[in-house]
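Everything on this sheet refers to the single structure shown next.
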Amino acid sequence: MAKLNANPEVEANVTFDVIKPGEYTMRVEEITEFVSQNSGNTCWKTKLSFAAGQDFVKLDGTPAKNVGVIFDNSLVVAPADKQGKLRSFVEALGRNWEDMESEELIGLECIVKVGLEEYKGEQKNVAKRYLAN
């Protein structure tokens, strides 16, 4: 049985802070493959975390305390003619564009141009582009 040592100082938080758009260093935490129900394309769902040592500011200008993670579901693996964003992602991580297993990218970092999108009436951060360090 797992034991919880509850911190009485922690605040309950159900959402991540939405930060100002910009370029941030992010680390690849996880990649899973899925088939998009909308397009039928085979895609990678990529979990990205913000690297430490960066300043984060919420949209209202106050410091962000809980930036969380970003999931990018738009990296198309198949059909091959739609792999443009995936290629940018792989090359931004410092890898050559060649056949590989997704696990080879876990733990690597790159610069991500983070933007905003609305989801269910709320703003959220999204990965717009991948840039080399």
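The values are calculated or read from the model by the stated rules, or taken from the named source; none is laboratory data. If you're wondering where the values come from, they're calculated on a predicted model, not measured in any experiment. Cβ: placed from backbone, ideal geometry, glycine included. Neighbour counts: every protein chain shown.
Results, tabulated for the structure shown:
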quantity: Some residue of region 23-37 being in a loop (DSSP other than H, G, I, E, B) and under 23 Å from residue 131 (Cβ atoms); calculated: no
quantity: Cβ-Cβ under 8 Å pairs, at least 6 apart or on other chains, region 74-97 side in a helix (DSSP H, G or I), far side at pLDDT below 95 and crowded, with 16+ Cβ neighbours inside 10 Å; calculated: 85/74
quantity: Yes/no for residue 125 being in a strand (DSSP E or B), of a type outside the set (Val, Ile, Thr), in contact with a strand residue (DSSP E or B) (Cβ under 9 Å, 6 or more places away or on another chain) and surrounded by 15 or more Cβ atoms within 10 Å (Cβ to Cβ); calculated: yes
quantity: Which listed residue, of 67, 112, is out of contact with any Ser or Thr (no Cβ under 7 Å at 6 or more places or on another chain), of a type in the set (Val, Ile, Thr), surrounded by 14 or more Cβ atoms within 10 Å (Cβ to Cβ) and not in a strand (DSSP E or B); calculated: 67
quantity: Residue match in region 43-66 (condition: in contact with a Cys (Cβ under 8 Å, 6 or more places away or on another chain) and in contact (Cβ under 8 Å) with a residue 12 or more places away in the chain); calculated: no
quantity: Filter result (of a type in the set (A, V, I, L, M, F, W, C) and surrounded by 10 or more Cβ atoms within 10 Å (Cβ to Cβ)) within region 52-64; calculated: 56, 57, 59, 64
quantity: Filtered residues of region 98-109 (kept if hydrophobic (A, V, I, L, M, F, W, C) and in a loop (DSSP other than H, G, I, E, B)); calculated: 100, 106, 108
quantity: Selection from region 38-64 of residues that are outside any loop (DSSP other than H, G, I, E, B) and farther than 17 Å from residue 127 by Cα; calculated: 42, 63
